[in-house]
Structure formats: structure tokens, C-alpha cells
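What follows is a single structure, written as C-alpha cells, with notes after it.
The values are calculated or read from the model by the stated rules, or taken from the named source; none is laboratory data. All values reported here derive from a predicted model rather than from experimental measurement. Methodologically, a virtual Cβ is constructed for each residue, glycine included, from the backbone with ideal geometry; neighbour enumeration extends over all protein chains shown. These accessible areas exclude ligands, DNA and RNA; they are computed on the full protein's heavy atoms, side chains included. Shrake-Rupley method; radii C 1.70, N 1.55, O 1.52, S 1.80 Å.
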There are 4 protein chains.
Amino acid sequence: MKIKIFVTGGTFDKEYNELNGELFFKDTHLTEILSLGRSRVPVDIRTLMMIDSLNMKDSDRNNIVQNCLQAAEDRIVITHGTDTMVETAQALAKEIKGKTIVLTGALIPYKFGSSDGLFNLGSALAFVQTLPAGVYIAMNGRYFNWDNVRKNKELGEFVEVKV
Amino acid sequence: MKIKIFVTGGTFDKEYNELNGELFFKDTHLTEILSLGRSRVPVDIRTLMMIDSLNMKDSDRNNIVQNCLQAAEDRIVITHGTDTMVETAQALAKEIKGKTIVLTGALIPYKFGSSDGLFNLGSALAFVQTLPAGVYIAMNGRYFNWDNVRKNKELGEFVEVKV
Amino acid sequence: MKIKIFVTGGTFDKEYNELNGELFFKDTHLTEILSLGRSRVPVDIRTLMMIDSLNMKDSDRNNIVQNCLQAAEDRIVITHGTDTMVETAQALAKEIKGKTIVLTGALIPYKFGSSDGLFNLGSALAFVQTLPAGVYIAMNGRYFNWDNVRKNKELGEFVEVKV
Amino acid sequence: MKIKIFVTGGTFDKEYNELNGELFFKDTHLTEILSLGRSRVPVDIRTLMMIDSLNMKDSDRNNIVQNCLQAAEDRIVITHGTDTMVETAQALAKEIKGKTIVLTGALIPYKFGSSDGLFNLGSALAFVQTLPAGVYIAMNGRYFNWDNVRKNKELGEFVEVKV
């Protein structure tokens, strides 16, 4: 069972530019992270964009939806900035049936050494292998259905909308 | 849904003694690892032993089995050395029905900075929330049924016995 | 021989705010860095300010000069942002005679795990113990006299003005 | 002023073998460490041996002495296990005059992520550029003359013999 991984950027892949002190995107670290985790899950990684999710436009979301629709795999992980992850999950749920899609991200860039990204990717890969068809967010060791989740920006964590 | 985590030691929790250059056990790093992963999964962590799994005896395995039987939770993660993880899984499967038990471990100590432990714990926590009752090993981003897994010691990875 | 360490901020001590994705200052990590280096050099650490050196004003520089003048110690290390480190060195050299003052900094925040800060602090502490009275910059494993150094902002390294 | 760096192994360069859980030597990490420290000091690195200093024999020490004698450079850093660093310093001092030789090491392997090695190498490179001819040990942010130093094995630090 091969799993598709679509990379869209987000904190996960941000790096520190030591010449000007700003954060920026270069290449994805997904392969490196999976190697560090000694993952032997068959995956096919494709970078769709490398952007901060606050800058994600409808056309970008449509791009993600189309790629998920056209993917041969029916189990898909998407790395994504946390700020608008819920919006993208909603856009995906509207168009896609019969596939298990799990969005995940990080609060700390992987390159900063003490990132939650490695933990989140481990849980996202596990959830995508075991959950039934649907669109989910995997953060904080938990999974959430696309229609019952929001980011609590004060705490930096994901919570259910209705309890 | 609270998850029980039983700590038994293994590479996961080994540390480097800078006075004599040997590896040893002090306290578990589970709480620190979960905090790094920003986990919000309700867990109850209990250390049963802190040993290398090559030194695990029948009485130790029986101790683990009894603790799983008596635990109020029916979803349990066990951190364990990789060398005899399969034997413990077999001992558990013989005695316990109706609970989801996931064993996981690490090839590199968490304290060494580039450990697979954070990734493995993320996946183990996800698998224990989603898999049906049974005994499983979660390593390399995958899960294995207790009766269909062995450690390939040359490669340092877990594989199915029968394909 | 006790050494004074004055902390002024700079990249050295920047942290990543996981709630808004911005870099900011909280407390200095000097004690933690010295502990990681197993330093047994007697030091007295005092934080004068926690600012980006691009925001350093004349009054801030005067504050640093006055503190160096009044310090009981005649060997002083100053952690400082790299962008205006040379200006502060010049301000110090104009007013202070008979003390060995070494400014150092980092291109990568210490908290980001792969920082040059630990290396630079090791070299700055060594230079301050061995160089004669004067004002110096310690970066890139080297030391520079205050009147013969500039930061090459394209390369992110310090070089002599005249060769 | 080019500096010679002779690598002899020691904790500095030890790695963790994830297949059998033992520590071992592969290649030196000196180039990587200097790159992390953004060092621009001209150096020439040569690996003489990769051994635990407890296993160092008279013939190994003689090898180090001969290489220091024959080196074109008169400023030399030697990375070395801490347990017998003092013996090697004594062997060097007996034979070599007119060169500045600084031995350094680490208590924690560089690969374990929280090593003192980066700090020690920064200080050793600084000391070798500034100290007069002689044989020294650079550890704990300090330097010691070869004839006035011992390792306190209970504390894992270097101290003067006579105060």
C-alpha cells in the first residue's frame, strides 16, 4: 500500500536565513525526516508548493484538491501550515470521496532541532494507514474530522469544535 | 479515551555516562518526548522496569502481562527494547484479549538528538487509537501483528515473517 | 581570574515563537551554553539589554561602555548581534584602556540546535584569557582588532579591512 | 598562519551503532564541526588514528610526537580521548620545543547532539593562535600547562595539580 505525500510548505519546512535573520523556504525536509524515523512505509513524495499557509489562495487550494483527485493512491498525507489547515481540509472534503486524506504540520521548523514535526509525521503516517475514507487533521498526537476541528491560536493546539 | 503507557526501558531511554563512556538507564524521557511532540492525548505513564530487552526474563515479561491485564485502560502503548520486542508481544497475545496493545521502541537513544524515538512514539500513539483489539508492534512507520513480525538484525528494521 | 560576560542580545539569544512564527527575545541562554560546554571558567554574567543589534542606539552603546568601565574585572566578553558589532567595538576602544574586551555573536540562534554560538563562545572565552589589553571581535574561530574588521554581509563572515 | 589539526579519536568522534547498541569509530567529524562553527581559520586536518585513548600505546604516542615534529606548521591542535590526554601531553613536551601544541577532547560524542566538543574545539583553536610555544591541554574553557594538569575522573573535569 503506497502512500502519497503532498508537500505544501508551512512551518514544517521553514529554514533560518543566517544572512538576513529571516525565515524562508528552500527544499522540503520530508525525505530527511522519514529517513531519521527509519520509515519503511512505501511513499511517493511530491512538492506542490512551498508557502506559508497564511498566503494560500483559492487557486492553491484548488491545486491541492486536483492533485488529490488525480493521485493513483487512495491514502494521502499533506504537510501544510497550521494556520489555514482547516480551510484546506474543508475544501478537500467537499470534492473528494473514497480516499483517506490526513493533513499535518508543525509548530516548530524541523531544522530548529526541537521540532514537533517528527512526532506529527509519525502519527499522520499511522493514521492514514488505519482510518477509513475521509479528510482528517493529525496534530498533537490526535486526529480530528475535517468538520469538527479548529486551531486554538492562543494555545497553539488543535481542538474539537463541538464536544 | 485515556491511553496507558508502560515504560520498560530499551534503547529509547538509554543515556550516555560521560564519566565512564558507558550507556545506562536513569529516568524515562517519555514525558519530555510527548511534550516535544505537543501531544494532547490523555495518557497515564508508568515505569515497570528500566532494562535492556536482552536482559528481560520470564518474570519481567509476566510483570508486563499482569500490568496490562490489570490496567483500567484498554488501549496500551509499551516502550520496549527492540531485540526481544517480538517475544513480549507473543507473551501478551497469549494472555490478553479485548485490548489494543502497541509495542514500540527506538534504534537510537532519544538523548542522542537524532533519534527515531519521537517518530515511533507518534506512530504508536496513533495506531493504538485506531487499531482494533490485538497485540501489535509499531516500528518503521508501520504496524505488524504479533504473530507475523521479526526483527531483521542485519538491517535494524522490522519485517513480516510471511508475505 | 574572573571574567565578566555582558549580554546584549543578538541572534545568539533569539527564540522562535511557535504561536506567531516570529523570532523574539526571552532570557539569555548563556548559562545553559556554558554548562553544555562544561566550562569551569569563573564568570559573572550580566544582561544589559536583549535587542537586535540593528536596533542598538547611541544610548545603548554608551550603556555598554559605562558598564565595561565600571566592571571590577579587566577581562570582559560581550555577546552582541553581528550587524553592528564593529560599531560597538569602536565605541569601546575610544573610551577604555587597559582591559581586554572581546565581542562575539552568532549567525544562528543557539536554540535552533545547529548554532555556531557554542563554538564562538568557546573561542571568545579563550581569546579573552590570552590576548593583551585591547578591544577585539571573535568570530569564525579568529580574532580581529577593533580597527581592522568588518562584516561581509554577503558571506556572513568577518574579514580584515586591510590585509 | 595555517594550523595543523591531528585527529586521534577519543569520545569526540565516537558514534552509536544502531545495530548492536555499541559505540564505535567511523570517520572524524572535525570538518563538519568546523563548518558548523563557521570557522575561517586555515587548517590542515590529518587523521593519525581513531582510537579510545585508554587503548593508546607507546607506539601510538610516538607516532603523534613524530607527526608533530615533522609538521611544517608550528601551531598544532590534537583531538584526543580525555583519559590519557595528560600522558600524551607529557610525551610531546619531552621531545618538542618551539611549537604551540594544544590537546583537546570531549566528554560527550559530537554526534549525540549536546556535546561539549564544539565549545572545546572553539577554545582550542583560539588558544593555539594566542599562546606561546609549549604543550597545553584545553578543556572546560580553560588551558593548562602539560606539567600542571590532571583529569578528575569523579567530576569529569580537568584541574591543576598544584594551586
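Taking segment B:9-62 as the region of interest, the strands (runs of 3 or more DSSP E) fully inside it that hold 3 or more residues being within 10 Å of another protein chain (Cβ to nearest Cβ) are B:14-17. What pairs can you find where one residue is in segment B:1-21 and without any contact (Cβ under 8 Å) to a residue 12 or more places away in the chain, the other is in a loop (DSSP other than H, G, I, E, B) and buried (at least 21 other Cβ atoms within 10 Å of the Cβ), and their Cβ atoms are less than 7 Å apart, with a gap of 6+ or different chains? The qualifying pairs are B:Glu18/D:Leu107; B:Glu18/D:Ile108.
If you check C:Ile51, C:Ile64, C:Ile45 for being among the aliphatic types (A, V, I, L, M), over 29 Å from A:Ile108 (Cβ atoms) and at pLDDT 95 or above, only one passes: C:Ile64.
The set of residues in segment C:131-142 that are at the interface with chain D (Cβ under 7 Å from one of its Cβ atoms) and more than 12 Å from D:Leu125 (Cα to Cα) contains only C:Leu131. Taking the criterion of being under 15 Å from the mean Cα position of the chain (by Cα) and either crowded, with 22+ Cβ neighbours inside 10 Å or more than 9 Å from chain C (Cβ to nearest Cβ) (or both), the residues of segment D:151-163 that qualify are D:Lys151, D:Phe158.
Within segment B:97-111, is there a residue that is within 13 Å of chain D (Cβ to nearest Cβ), of a type in the set (A, V, I, L, M, F, W, C) and out of contact with any strand residue (DSSP E or B) (no Cβ under 9 Å at 6 or more places or on another chain)?
no
Can you confirm whether D:Ile33 is in contact with a Ser or Thr (Cβ under 9 Å, 6 or more places away or on another chain) and of a type in the set (Val, Ile, Thr)? For D:Ile33, the condition - in contact with a Ser or Thr (Cβ under 9 Å, 6 or more places away or on another chain) and of a type in the set (Val, Ile, Thr) - is met. If the condition is being assigned to a strand (DSSP E or B) and among the basic types (Lys, Arg), then segment A:147-163 contributes A:Arg150, A:Lys151.
Within segment A:95-138, being at pLDDT below 95 and β-branched (Val, Ile, Thr) holds for one residue alone: A:Ile108.
Of the residues screened, D:Asn55 is one that is open to solvent by 40 Å² or more (accessible area, probe 1.4 Å) and of a type outside the set (Lys, Arg). Of the residues making up segment B:2-47, those that are out of contact with any helix residue (DSSP H, G or I) (no Cβ under 7 Å at 6 or more places or on another chain), open to solvent by 50 Å² or more (accessible area, probe 1.4 Å) and of a type in the set (A, V, I, L, M, F, W, C) number 2.
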